[in-house]
Amino acid sequence: VQLQASGGGLVQVGGSLSLSCAASGSIFSINGMGWYRQALGKQRELVALVSASGTSHCEDSVKGRCTISRDNTKNTLDLQIFNLKPEDTGLYYCHAWAMGGIDYWGEGTLVTVSS
């Protein structure tokens, strides 16, 4: 499975960001997908995910400002975060977990929230 992220860049405080992740390869093996982020000097943390059953979840850090959706026909995972804060800055990673307990990661895409 290959995960290709797009989006990100420099965004103003209070603005919004849109990230998209396109999956290819053995996509039939994918269960759920999600987005993680890692701020400088901090551990990687979950932002939001869509489970294998299609249930979406946003972590408390972005709850109320987040939408995540998965399109199984296009094999994409889209994340939007609104009302951006400086603490939303970081490298955002697309993640998929697959059959057999295998994890896949895309390359990080940088989001910088500037005031």
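Residues checked against (1) open to solvent by less than 20 Å² (accessible area, probe 1.4 Å); (2) within 17 Å of TYR104 (Cβ to Cβ); (3) touching a residue at least 60 places away in the same chain (Cβ under 8 Å):
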site: VAL1; (1), (2), (3): no, yes, yes
site: GLY7; (1), (2), (3): no, no, yes
site: LEU19; (1), (2), (3): yes, yes, yes
site: SER29; (1), (2), (3): yes, yes, yes
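Every test in (1) touching a residue at least 40 places away in the same chain (Cβ under 8 Å); (2) over 21 Å from GLU107 (Cα atoms); (3) open to solvent by 30 Å² or more (accessible area, probe 1.4 Å) is passed by THR55 save one, and that test is (1). Cβ-Cβ contacts under 9 Å between residues 6 or more apart (or on different chains), taken from a first residue in the stretch 90-115 that is on the phi > 0 side of the Ramachandran plot to a second residue that is among the hydrophobic types (A, V, I, L, M, F, W, C) and open to solvent by 70 Å² or more (accessible area, probe 1.4 Å), are listed as GLY90/LEU40; GLY90/LEU110. LEU49 meets the conditions (1) touching a strand residue (DSSP E or B) at 6+ places or on another chain (Cβ under 9 Å); (2) exposed (fewer than 14 other Cβ atoms within 10 Å of the Cβ); (3) of a type outside the set (Val, Ile, Thr); (4) closer than 19 Å to VAL1 by Cβ in every case but one. The failed one is (2).
Counting only residues that are within 16 Å of ALA5 (Cβ to Cβ) and hydroxyl-bearing (Ser, Thr, Tyr), which one in the stretch 59-88 is most open to solvent (accessible area, probe 1.4 Å)? Result: SER69. Kindly list the number of the only condition in (1) modelled with pLDDT of 95 or more; (2) touching a strand residue (DSSP E or B) at 6+ places or on another chain (Cβ under 9 Å); (3) open to solvent by 60 Å² or more (accessible area, probe 1.4 Å) that fails for GLY15. With (1) modelled with pLDDT of 95 or more; (2) touching a strand residue (DSSP E or B) at 6+ places or on another chain (Cβ under 9 Å); (3) open to solvent by 60 Å² or more (accessible area, probe 1.4 Å) applied to GLY15, the lone miss is (3). Limited to the stretch 92-108, what total is found for residues that are out of contact with any Ser or Thr (no Cβ under 7 Å at 6 or more places or on another chain) and outside any loop (DSSP other than H, G, I, E, B)? Residues flagged as out of contact with any Ser or Thr (no Cβ under 7 Å at 6 or more places or on another chain) and outside any loop (DSSP other than H, G, I, E, B) within the stretch 92-108 amount to 11.
The strands (runs of 3 or more DSSP E) found wholly in the stretch 4-82 and carrying at least 2 residues that are within 14 Å of TYR93 (Cα to Cα) occupy 17-24, 30-38, 45-50, 76-81.
The values are calculated or read from the model by the stated rules, or taken from the named source; none is laboratory data. In this text the structure is predicted, and so the values were computed from the model without any measurement. Cβ coordinates were reconstructed from backbone atoms using ideal geometry, including for glycine residues, and neighbour counts include every protein chain displayed. These area figures cover heavy atoms from the full protein model, side chains too; ligands, DNA and RNA do not enter into them. Shrake-Rupley method; radii C 1.70, N 1.55, O 1.52, S 1.80 Å.
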